[in-house]
1. Got at least one residue in segment 38-45 being closer than 27 Å to residue 318 by Cα, in contact with a strand residue (DSSP E or B) (Cβ under 6 Å, 6 or more places away or on another chain) and buried (at least 20 other Cβ atoms within 10 Å of the Cβ)?
2. Can you name the residue in segment 111-133 that is surrounded by 15 or more Cβ atoms within 10 Å (Cβ to Cβ) and more than 15 Å from residue 158 (Cβ to Cβ) and, of all such residues, is modelled with the lowest pLDDT?
3. Which members of segment 263-277 meet the condition of being farther than 28 Å from residue 457 by Cα, within 26 Å of the chain's Cα centre (by Cα) and assigned to a helix (DSSP H, G or I)?
4. Report whether or not residue 389 is closer than 23 Å to residue 213 by Cα, within 18 Å of the chain's Cα centre (by Cα) and either in contact (Cβ under 8 Å) with a residue 24 or more places away in the chain or surrounded by 16 or more Cβ atoms within 10 Å (Cβ to Cβ) (or both).
5. What strands (runs of 3 or more DSSP E), lying completely within segment 423-471, carry at least 1 residues that are surrounded by 21 or more Cβ atoms within 10 Å (Cβ to Cβ)?
6. Would you be able to say whether some residue in segment 438-451 is under 16 Å from residue 341 (Cα atoms), assigned by TED's automatic domain parsing to the domain that holds residue 304 and more than 28 Å from the chain's Cα centre (by Cα)?
7. Given the criteria in a loop (DSSP other than H, G, I, E, B), farther than 27 Å from residue 135 by Cα and outside the structural domain of residue 230 (by TED's automatic domain parsing), does residue 51 qualify?
8. Just to be sure, is residue 399 over 21 Å from residue 431 (Cα atoms) and modelled with pLDDT under 85?
């Protein structure tokens with residue numbers, strides 16, 4: 001019998017939620033009231049228990065999906081059909097050598113023009129069991145992090161590429177066995193933790209990643225989730241807490257000054273992403289004839305328009321109206337008049353792009369990445385805001401694919417979110433232009449012979465002088481300024 005798992009009542013005035021984490025996969029056995037997944041609303045976290053014992057069927061709403069009250073989340077097969085799924089683990093002890101197949105765990109395709117990666121973290125050790133598609137390790141390329149899932153259920157036999165090793169696309173990472181008798185390798189972990197409820201406790205994936213990024217062990221985190229599960233907020237709390245062990249070195253005899261300074265230093269190897277950022281930025285400076293021109297924009301009209309329509313915009317489109325869509329639209333408008341800013345140099349040719357793929361620079365804990373919004377010139381305000389929100393969330397979680405960061409023709413960078421008042425952005429090769437946004441700050445301005453206070457923002461356009469002349473650069477920035485100071489120009493294509 002098939003049972004539907006639906007979104008429960010979320011609370012007064014709460015009509016939708018986001019699927020945060022699935023704790024079960026299709027084919028997993030579940031007990032009645034066992035937690036299947038976790039939903040996040042704008043107010044609380046909601047756990048969804050299993051309505052019956054059985055086997056997990058199809059997952060309808062994936063992690064990250066937005067769902068309404070009573071929406072279908074998944075299906076469940078009720079009855080004894082679930083029992084065999086858990087049976088091999090208990091029965092495997094007498095059959096430790098059932099002759100399973102040996103499989104190679106290979107480096108997946110890393111993306112266009114990417115030929116190697118660094119093994120960042122192994123999440124399994126030799127002898128540990130896992131299910132199909134469970135994450136075994138994480139690789140770092142010079143652009144993104146790549147997760148390596150298990151090709152089948154089994155046990156890890158041997159790790160061939162240790163953490164820190166450089167591996168090539170298609171190379172061999174480890175050897176695993178599909179031998180069902182390997183399952184008991186995971187059993188001691190369960191018996192070593194008498195405080196659990198008798199079933200494996202899976203920490204939230206976001207918490208695992210946060211612990212790995214911060215380099216802290218699970219023992220240093222106080223779990224508050226169900227059944228002792230570590231949640232992302234637990235990791236954040238552990239990082240924010242004062243270090244109790246910090247005063248201990250003071251009790252030791254004082255060393256010479258140089259040694260004391262060395263003890264207070266920390267040497268950490270640069271990630272491949274950070275190395276690539278450094279190399280590409282320096283290459284950009286060395287290759288392009290980069291120059292920056294500045295202007296300022298009065299944000300009064302944009303702020304007034306946004307305040308007037310933001311509630312209606314959110315209600316209709318389900319996304320907040322921000323400033324980025326205005327700036328994106330203004331840049332698209334200006335690029336039509338000054339197409340060389342949207343072009344690139346290829347040898348002795350100039351390649352003009354009759355489309356706009358807008359790169360939106362985003363800061364992440366591991367460095368700056370630039371997700372690309374394709375065909376932005378064809379998008380509405382709502383489509384732009386939704387795309388920015390989606391790509392921004394992926395960037396923060398390290399989930400951007402290679403394809404999502406390639407093909408940009410122009411970039412916008414917003415240092416204002418960090419409080420920057422003025423800066424000179426560096427080009428993102430092979431692009432010929434990048435717009436720098438900055439902090440909005442009230443300043444006294446002379447308007448029609450009167451001194452008035454206006455919300456002002458400095459704008460900076462860095463451009464490749466090999467292809468963009470000063471006149472074109474200044475014209476581009478003036479058109480952006482005009483469009484923002486009178487947004488009606490965007491509607492009239494003026």
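The values are calculated or read from the model by the stated rules, or taken from the named source; none is laboratory data. These numbers come from a predicted model, not from an experiment. Reconstructed Cβ throughout: ideal geometry from the backbone, glycine too, with neighbour counts over all protein chains shown.
1. Scanning segment 38-45 turns up at least one residue that is closer than 27 Å to residue 318 by Cα, in contact with a strand residue (DSSP E or B) (Cβ under 6 Å, 6 or more places away or on another chain) and buried (at least 20 other Cβ atoms within 10 Å of the Cβ).
2. Checking each candidate, the answer is 111.
3. Selection gives 272, 273, 274, 275, 276.
4. yes
5. In segment 423-471, 433-437, 450-464 are the strands (runs of 3 or more DSSP E) which contain 1 or more residues that are surrounded by 21 or more Cβ atoms within 10 Å (Cβ to Cβ).
6. no
7. When the stated conditions are applied, residue 51 passes them.
8. The answer is yes for residue 399.
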